[in-house]
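Comments concern the structure below.
The values are calculated or read from the model by the stated rules, or taken from the named source; none is laboratory data. Keep in mind it's a predicted model, so treat the numbers as computed, not measured. Cβ coordinates were reconstructed from backbone atoms using ideal geometry, including for glycine residues, and neighbour counts include every protein chain displayed.
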Amino acid sequence: MMRLYRELYINPLFFTTGAVAVVLFVSAVMVPAASFLAIALLITLILFTLFDLWLLFRIPFQKPVRRCADTFSNGDANEVRISVTNPASFALTCYITDEPPVEFQIRELSLSARLEAGASTQLSYTITPSRRGRYEFGACHAAFQSPVGILRRIITAAPEEAGSRRVKVYPSFHHLNTYELMARAGHTHDSGSYQMRTEALALEFDQIREYTQGDEVRAVNWAASARVNKLMVNKYMEERAQPVYALIDTGRVMEMPFDGMSLLDYSVNAALGLSRAILSRHDKPGLITFSDEVATIVPAENRTGQHRKLTEALYRITTDFAESSFETLYTTIRRDISTRSTLLLFTNIETLHSLKRALPVLQRLNKHHLLVTILFKNTELSELGKQTASDISDIYDIALAEEAMLTKEEMLRTLRKSGIRAMTASPHELSIQAINAYLTLKRQRAA
C-alpha cells in the first residue's frame, strides 16, 4: 500500500468528476433522474480508474537515468540529460521532475515528452552555476501517464541510482579552446572585432635560411650571403619562456556581485583563460592570490600539467572578506619571484583614497617587474549615467553614477602617470581584455 501511495499521482480530473457526481446525487431530491446519472458517472469513473491502474502497474518501467559532465563550467550553461524508456505496447506521456543541487536555486523544473510504444528519449535542461564548488543532485522522478489519463505512475530513481550524483563547478572552461586559437592567431576581439598585427612578435634569432620572395630586405644577412654566393636572411622567432603571473585580489572588495556572479569569480575565469593563452604562446603562466595575506602561489612553469595545476588552484579560491594588503603581496613577490616577470593584477579599487594607499607599493612592484593593473568597469553605472532624469531621485542617482565613472577614469590617469600600465574591463569582457593586454605586451616587446 505504501508503494502504491509513493508511485501514484491522481489527475485532478478524477476529483472534479467525483464532485460532479456528488452534486448530482444531492440534486436527486429535486430531480429524481439525477440520482441514476450520478451513480452511472461514479461507476464509470471507478471502472476507468481501475483499468488505468491495471494498465500502469503491469508495465515493467525502468528508472530514469541522469547524465551530465562530472565538472561544470562556472558562469556557463551546462547541459543535463535525462533518459527515459517506454516499455509498454502503447504510447505514454512522460513527465520528468529532477532535483538539481539546491544551491543553484532552480525551482519547478519539469520536462515532458510523448513516447511511442517501446521508444526511448532524452530530455535535457541547462544549469548555469554562479559559484565554484562541489554540489550534489537529488532524486529524479519520471511520471508515466496512459491514454486514459486519470492516473500517473511515478518511478523514482534515488540520488545514488539516477547517475551523475556529484559535480564540481570549475572556473569557466567552455571557451578555453577559443581563447587559445585567438592567442595563436595573435588577435582577440572586444565588442566586435579587434585584430592585432603579429609581425613585431619576432624577438629571438632562430636560424639563417635562403631568401624567398616576400622576405624583408632588412632581414638579409649579407655576411652569410657572401659566403654562399646567394641571398640569405635571418629568421626570428617569438620570445618564449617568459614568466607571466595572474595576481588575483581575494579581499572583500572582490565579492561585489554582478549578474549573478562575484567579481572574484569573473577574475578566476579570466585567469584560467589567460593561462591557456600564455601556454599557447610558449610562455610560463603562474598564479598568486592574496587578501590580507598571500593564500596561493603557483610558480610560473611551462611543463605538462601546468594548466591542470592552475585549474585546481583556481577551483579552490575563496575570500575571507578581509582588507587586501598590497604590502604583503609585494613582500611575497620580492621573496619568491627572482626573475623579471609580467604581472597582471585583477583588483577592484573603488576610491581614490584606496588607490593612493596602494600606489607606492604598486610603483615599487612595477620597478622590479612589468605590472598591468586591471580594474573593473561598472557597466550598470555607465547605463544609468546615460539615462534621462524624470524626477529629483533620478537626478541624484545619475549624478552618483557619473561621479563613480569619473573616479574610475581618474584612477587610470593616476596609475598611468605613475608609470603603471592600467586598464578597465567589464566583468563579461574580462577574459578577452586580459588576453588582449598580454598579447599587446608581447607585440610591444615588453614581456
Q. Considering only segment 72-97, how many residues are under 30 Å from residue 263 (Cβ atoms) and surrounded by fewer than 14 Cβ atoms within 10 Å (Cβ to Cβ)?
A. 2
Q: Identify the residue in segment 209-268 that is among the hydroxyl-bearing types (Ser, Thr, Tyr) and surrounded by 12 or more Cβ atoms within 10 Å (Cβ to Cβ) and, among all such residues, is farthest from the chain's Cα centre (by Cα).
A: 225
Q) Of everything in segment 422-447 that's surrounded by fewer than 19 Cβ atoms within 10 Å (Cβ to Cβ) and over 24 Å from residue 265 (Cβ atoms), which residue is modelled with the lowest pLDDT? A) 446
Q: For segment 97-124, enumerate the residues that are over 17 Å from residue 165 (Cβ atoms), of a type outside the set (Gly, Ala, Ser) and not in a loop (DSSP other than H, G, I, E, B).
A: 111, 114, 115, 121, 122, 123
Q) Looking at 116, 136, 161, which is the one that is of a type in the set (D, E, K, R) and modelled with pLDDT under 90? A) 161
Q | Enumeration of residues in segment 335-383 that are β-branched (Val, Ile, Thr) and either under 19 Å from residue 438 (Cβ atoms) or outside any helix (DSSP H, G or I) (or both) | A | 337, 339, 342, 347, 349, 351, 372, 373, 374
Q. Can you tell me which residues in segment 133-149 are surrounded by 20 or more Cβ atoms within 10 Å (Cβ to Cβ) and of a type in the set (A, V, I, L, M, F, W, C)?
A. 137, 140, 142, 143, 144
**Q.** segment 125-152, residues that are part of a strand (DSSP E or B) and under 30 Å from residue 263 (Cα atoms)
**A.** 125, 126, 127, 133, 134, 135, 136
Q. In segment 93-127, which residues are without any contact (Cβ under 8 Å) to a residue 40 or more places away in the chain and either farther than 17 Å from residue 64 by Cα or of a type in the set (D, E, K, R) (or both)?
A. 102, 103, 104, 105, 106, 107, 108, 114, 116
Q) Which residues, counting only those in segment 153-172, are among the charged types (D, E, K, R), under 14 Å from residue 69 (Cα atoms) and not in a strand (DSSP E or B)? A) 165
Q. For residues in segment 403-421 being within 30 Å of the chain's Cα centre (by Cα) and either modelled with pLDDT under 90 or in a helix (DSSP H, G or I) (or both), which is surrounded by the most Cβ atoms within 10 Å (Cβ to Cβ)?
A. 411
Q) Could you list, in sequence order, the residues of segment 35-71 that are at pLDDT below 80 and either surrounded by 14 or more Cβ atoms within 10 Å (Cβ to Cβ) or part of a strand (DSSP E or B) (or both)? A) 35, 37, 38, 39, 41, 42, 45
Q) Of (1) within 19 Å of residue 169 (Cα to Cα); (2) modelled with pLDDT of 90 or more, residue 334 satisfies all except one. Which? A) (1)
Q: Select from segment 326-345 the residues that are out of contact with any helix residue (DSSP H, G or I) (no Cβ under 9 Å at 6 or more places or on another chain) and touching a residue at least 24 places away in the same chain (Cβ under 8 Å) and write down the one among them that is farthest from residue 176 (Cα to Cα).
A: 328
Q | Selection status of residue 289, in a strand (DSSP E or B), out of contact with any helix residue (DSSP H, G or I) (no Cβ under 7 Å at 6 or more places or on another chain) and surrounded by 13 or more Cβ atoms within 10 Å (Cβ to Cβ) | A | yes
Q. How many of the residues in segment 333-353 are over 30 Å from the mean Cα position of the chain (by Cα) and surrounded by 14 or more Cβ atoms within 10 Å (Cβ to Cβ)?
A. 2
(Q) I'd like to verify a number: residues in segment 264-292 that are modelled with pLDDT of 90 or more and basic (Lys, Arg), how many? (A) 2
Q.
As an exercise: evaluate residue 250 against (1) modelled with pLDDT under 90; (2) under 26 Å from residue 323 (Cβ atoms); (3) of a type outside the set (A, V, I, L, M) and give the number of the one condition it does not meet.
A. (1)
